[in-house]
Structure formats: structure tokens, C-alpha cells
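To keep things clear, I will list the structure first and then write my remarks on it.
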Amino acid sequence: MSDKKYDFGLVGLGVMGRNFILNVADNGFTAFGLDLSTEQVEALKTEGGDISKVDATTSTEEFVANLSTPRKIMLLVPAGKPVDIVIDSLLPFIEEGDLIIDGGNSFYTDTDRREAYLNEKGVHFLGVGVSGGAKGARRGPSIMPGGSEPSYKYIKPIFDAVAAKATDGKPCVAYLGPKSAGNYVKMVHNGIEYGMMQLTSEIYDLLRKSAKFTNDELHQIFAKWNEGRLQSFLVEITSEIFLQEDDLAPGRIVDVILDKAKQKGTGKWTSQNAMDLGIPVPTIDIAVSMREISALKEERIEADKLYGRQEVDSIEKETLVEWAEQALYFSFITAYAQGLSQLSDASKEYGYNLDLGLISQIWRAGCIIRAGLLEDITIAFNNNKDLANLLLAPTFVDRVQEAVPAVREVVAFAAKNGIPVPGLSNSLTYFDAYTSSQLPLNLIQAQRDHFGSHTYERTDREGIFHTEWGA
Ligand code: 6PG
């Protein structure tokens with residue numbers, strides 16, 4: 001250990017933490033790590049090489065003593081209790097004016113609670129969303145910071161340096177808003193991530209079940225899409241997945257992976273909170289439900305035997321691929337539209353003062369939902385800061401309208417042939433409902449008033465009305 005103090009401290013030297021701290025060191029800052037596991041500490045020291053740039057310890061006291069003041073300490077530990085435990089273990093050693101940053105997928109109300117708790121002790125606190133997985137942490141993640149702006153100034157130079165850079169060179173990090181704004185934005189990012197993953201998997205299902213595309217062909221289709229308007233991280237990795245050989249048996253790994261998707265909760269939180277705030281995000285909702293249905297593997301097998309599966313109609317491969325591209329493009333747009341509209345409404349509810357143009361801008365690189373489309377989404381929100389929904393942006397109207405007929409074909413074909421595409425159909429229904437000036441909910445109001453005197457409003461005059469039904 002040298003006598004010199006380090007610029008940045010990181011607690012939690014798992015894969016994400018180790019990669020993040022090495023990224024900080026690569027960008028000209030010195031960094032010190034803390035982990036209770038000697039193995040993790042040694043792994044970092046080995047990878048870090050020069051201990052005058054990166055060093056680590058298992059002792060909290062030594063860790064804190066090695067950081068220059070005001071200390072900048074980031075936690076990359078599992079969300080929930082571990083965050084509180086680490087914070088409390090640091091408190092006896094840190095000083096007023098130091099900064100603690102939680103970089104995990106913490107629930108936003110936990111962040112509000114922790115900020116109040118630490119501010120009372122004179123310690124700064126930021127809740128920061130970090131996206132991009134292990135590779136992102138190492139080579140440049142998208143970072144979504146929230147908290148007090150004066151606190152953010154301490155860490156801004158480091159975050160600007162380590163964040164992914166978009167094609168225009170801008171770092172994919174920006175101060176987003178007070179309190180839990182950063183964690184909230186990251187939660188909705190993950191909701192959109194769930195939606196886009198579900199949509200991609202439905203397109204895969206449709207292509208393999210109807211036109212019997214091989215994994216090699218699927219690789220080519222997704223790789224080609226990734227060179228066009230569907231260019232995105234998820235389409236790119238999907239194309240790579242189809243090529244990956246199984247290292248335990250002959251064949252491709254994708255064909256032997258069990259079709260039960262796990263989840264850590266961020267997608268579910270997005271849906272739950274959208275319900276609480278009365279914001280429709282049906283593509284995200286169904287993506288969560290599909291992970292739950294996928295978990296019922298044994299029941300699904302039994303039901304499959306009971307009901308059987310029909311033969312899927314044959315379809316011309318080229319036509320199907322063309323429709324599928326349009327459907328994926330359309331539904332990616334509606335997934336972003338739903339997530340961003342949730343951010344817009346939540347911002348008003350929680351006083352986050354979010355700038356949706358800025359959020360779209362920092363999602364352009366580094367994060368899981370990065371996509372070429374975000375360039376245009378950024379422009380749309382920068383052109384109109386009050387845009388209530390992406391579907392109302394003039395630059396999106398033509399392209400959405402052009403894709404809709406193919407989406408209808410895809411959804412109709414899938415429904416007729418028993419291929420579940422709930423993400424695609426929910427996206428289409430969201431669009432159809434959102435663009436309908438007349439919905440049948442007048443009947444629901446009538447029913448509510450009929451059985452419960454719940455009253456209704458009228459289209460032709462102001463006021464609240466009740467009818468004596470059947471009188
Ligand atoms: C990211 C991801 C990441 C998330 C995983 C797993 O932005 O890097 O969102 O934060 O933890 O994607 O999420 P699930 O286990 O819930 O699928």
C-alpha cells in the first residue's frame with residue numbers, strides 16, 4: 001500500500017464492481033476497493049496490476065482511511081438489506097461532507113429513505129442507476145444519477161470519464177433529478193428492457209415455428225436487422241446467441257436452455273408503480289406476466305398434452321421476415337413510448353423534474369436498451385419538452401403508420417396459429433386504444449352507475465350524473 005490517498009472508493013468487488021473500478025482506473029483516477037471476501041480483493045489486485053492506481057482491502061477502516069476527502073464511495077452490492085448494512089458499516093469511519101453512491105438496482109423509496117438518513121448525518125447520498133452489465137461496467141456503462149445536484153458535482157468528473165460515449169462523443173451520464181430520480185429512471189429502463197426482450201423472443205418464436213428458420217438463418221436475419229433501423233444491443237446479442245455452440249453436447253446452446261425466465265424484480269416494480277400511478281404500460285405488464293407463465297413449465301407440459309397444438313400454416317419466408325421486422329420496429333417504439341410516458345407522469349407525481357430528451361440521450365450507448373432509434377427519440381423530446389407520448393411526435397407518425405399493417409398481419413397470423421405473441425398484440429392494442437377517440441368505456445360507466453350508482457359524466461354537458469336504471 002502506498003501513502004497516497006485514492007480518488008474513488010468502491011464497495012462490492014463482484015464482477016460488476018471489479019469491472020467498474022478498473023474502468024475508473026483506466027480513466028486516470030486512482031481507486032480503492034473494499035470487499036469482505038479475500039478472494040475478490042485478490043482478484044482485483046491481480047487484474048489491477050499497479051497498486052498505486054488500484055488497490056483493495058477487506059478492512060472497512062483501512063478502506064476509508066485510504067480515500068481522499070471528501071470521500072467518494074460507491075456501493076455495487078445487491079439491492080435491499082446489503083445496502084443498509086454497508087452504509088451502517090461505513091458510518092463510524094467516514095466524515096461529514098463525504099459522499100456515498102448506491103449504484104445498484106435499489107427500489108426508489110429505499111433511496112429516498114437512505115438520502116434522508118444520511119443527510120441528517122451530514123453525509124451526501126446519490127441513488128444511481130448503472131446499466132450495461134459486466135462489459136458495460138468495464139468499457140463504459142450508461143449511468144443514471146439522482147439526488148441533490150451539489151452532491152453530484154463531487155462525482156461528475158469521474159462519471160463523465162467512465163460512462164459510455166455516444167456516437168457524437170457525449171457521455172451517457174447526466175444529472176437527472178432530485179431524490180430517487182436516478183433509481184426510478186433505471187427501474188423504468190428495466191421495464192422497457194423486459195418489454196424489448198419479450199418482443200424479441202416472440203419474433204424468434206414466430207420465425208422458428210412458422211417458417212422453420214434454422215439457427216443459422218435466424219442469426220443472419222437478426223444480424224441484418226441490426227444493420228438497419230432495428231440496430232440495438234438486444235438485436236445484436238440475439239443474432240450472436242443463435243450461433244453459440246453448446247459446450248456440453250453437440251448443437252446450439254439456445255436449443256437446450258430451459259424456457260423458464262428468472263427475474264430480480266425491477267420489471268415487476270415498473271408495472272406495479274405504473275398501476276399505482278394509473279399509467280398504462282401493457283407491453284411491460286405482459287413481459288412480466290410471461291416470465292411468470294414461463295415458470296409454470298410442468299403445468300404447461302400437462303396442458304400442452306391436454307389441448308395439443310395445431311399445425312402451423314405455411315407462410316412465405318420472405319414475407320414473414322418483412323412483417324416481423326416491421327412488427328419489431330413498431331413494438332420497440334411502443335415500448336419506449338410507454339416507458340417514457342411513465343417517466344413523464346411519475347416526474348410530476350414525485351417532483352423529479354425529468355428531462356425526457358436528456359434521458360433518451362444517455363440511453364443511446366452503454367445500456368441494455370441502447371438502440372439507433374434513441375437518436376430520433378432524443379430529438380423528438382428535445383423538440384417538444386412537453387410531449388405527452390412518443391406516438392404524438394410528428395416525426396414518428398408516418399413510420400408508425402407505415403408499420404401497422406404488417407403488425408396486424410403478424411398478430412393475426414400468430415393468433416390463428418396458436419403462437420403466443422402477447423407483447424406484440426399488447427403493443428398493437430395499446431396503439432389502437434391510444435389512437436381511438438372513441439372507446440367503449442361509456443358502457444363501463446353505464447354498468448358502474450347501473451349496479452352501484454357510481455355516476456358518470458356526459459359528452460354533451462358538464463357535471464356529474466346518475467340515472468335511475470330500468471325506471
Ligand atoms: C442493466 C440490467 C441489469 C439487470 C439485469 C437482470 O441495465 O444492466 O437491467 O441491471 O439487473 O438485466 O434483470 P432481471 O434478472 O430482472 O432480468
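Only the coordinates and a few stated rules stand behind these numbers; no lab work does. Just so it is clear, the structure is predicted and the values come from calculations on it, not from any experiment. Using ideal geometry, Cβ is built from the backbone for each residue, glycine included, and neighbour counts are taken over all protein chains shown.
Placing unit charges on the Cβ atoms only, positive for Lys and Arg and negative for Asp and Glu, gives region 186-434 a dipole magnitude near 460 debye about its Cα centre.
Sparsely packed loop sites in region 64-151 (the trypsin sites (Lys or Arg not before Pro) outside DSSP H, G, I, E and B with at most 15 other Cβ atoms within 10 Å) comprise K121. By the count of neighbouring beta-carbon atoms within 10 Å, fewest first, Y184, Y352 end up ordered Y352, Y184.
Summing +1 for each Lys or Arg and -1 for each Asp or Glu among the other residues whose beta-carbon sits under 14 angstrom from that of G49 gives -2. Along the chain, the longest continuous region that contains none of the GluC sites (Glu not before Pro) in a DSSP loop with at most 12 other C-beta atoms within 10 Å is 317-456.
Nearest 500 deg cm²/dmol is fine: what mean residue ellipticity at 222 nm does the chain get from its DSSP H runs of n ≥ 4 alone, each adding -39,500 (n - 2.57), divided by its residue count? Working shown, then result.
Numbers: 19 runs with 260 residues, N = 471.
One gets -17500 deg cm²/dmol as the mean residue ellipticity at 222 nm.
Helix 373-383 sits at what angle to the longest principal axis of the chain, using alpha carbons and giving 0 to 90 degrees rounded to 10? It works out to around 90 degrees.
Spin-label pair K305-D460: with each label point 7 Å from Cα along the Cα-Cβ axis, the two points sit 6.1 nm from one another. Using 0.36 nm per residue and subtracting the Cα-Cα separation, the extra length available between I85 and E42 on full extension is 13.2 nm. Would you mind checking the tilt of helix 394-416 against the longest principal axis of the Cα atoms of the chain, expressed as 0 to 90 degrees and rounded to 10? Orientation of helix 394-416: about 70 degrees from the principal axis. Loop-located trypsin sites (Lys or Arg not before Pro) in region 224-285 (DSSP state not H, G, I, E or B) with no more than 10 neighbouring Cβ atoms inside 10 Å: K262.
Excluding P70 itself, what net charge comes from residues whose Cβ is under 10 Å from its Cβ, given Lys and Arg +1 and Asp and Glu -1? Here the charged neighbours net out to -1.
The order of F213, F8, going from fewest to most other C-beta atoms within 10 Å of their C-beta, is F213, F8.
Here the chain is treated as a Stokes sphere of Kirkwood radius computed over C-alpha pairs; at 20 °C and 1.002 mPa s its diffusion coefficient rounds to 88 µm²/s. Antiparallel beta bridges, as assigned by DSSP with both residues in region 33-160, represent about 40 percent of the total such bridges. Legend: ranking of residues S59, S151 from fewest to most surrounding C-beta atoms inside 10 Å; resulting order S59, S151. Alpha-carbon geometry of region 242-323: the Rg and the Dmax are 17.7, 50 Å, given in that order. The residue list Y108, V407, I293 was ranked by how far each Cα lies along the charge dipole of the chain toward its positive end, using unit charges on Cβ atoms, and Y108 comes out on top. Compared with the dominant Cα axis of the chain, that is its longest principal axis, helix 282-294 is turned about 80°.
For region 96-186, a Kirkwood hydrodynamic radius built from all Cα pairs, placed in the Stokes-Einstein relation at 4 °C and 1.567 mPa s, yields a translational diffusion coefficient of 99 µm²/s. Given +1 at the Cβ of Lys and Arg, -1 at the Cβ of Asp and Glu and no other charges, the dipole of region 8-179 around its Cα centre is 620 debye to the nearest 20.
For region 186-434, a/c is not less than 1.5, where a ≥ b ≥ c are the root eigenvalues of the C-alpha gyration tensor, and a/b tops b/c. That puts it in the prolate class. Restricting the calculation to Cα atoms, region 8-179 shows an Rg/Rh of 0.93 when the hydrodynamic-style radius is the Kirkwood one. A simple count of charges around G28, restricted to other residues whose Cβ falls under 10 Å of its Cβ and scoring Lys, Arg +1 and Asp, Glu -1, yields -1. What does the C-alpha gyration tensor say about the overall shape of region 119-259? Classify as rounded when a/c is under 1.5, otherwise prolate if a/b is larger than b/c, or oblate. Judged from the Cα gyration tensor, region 119-259 comes out prolate (a/c at least 1.5, a/b above b/c).
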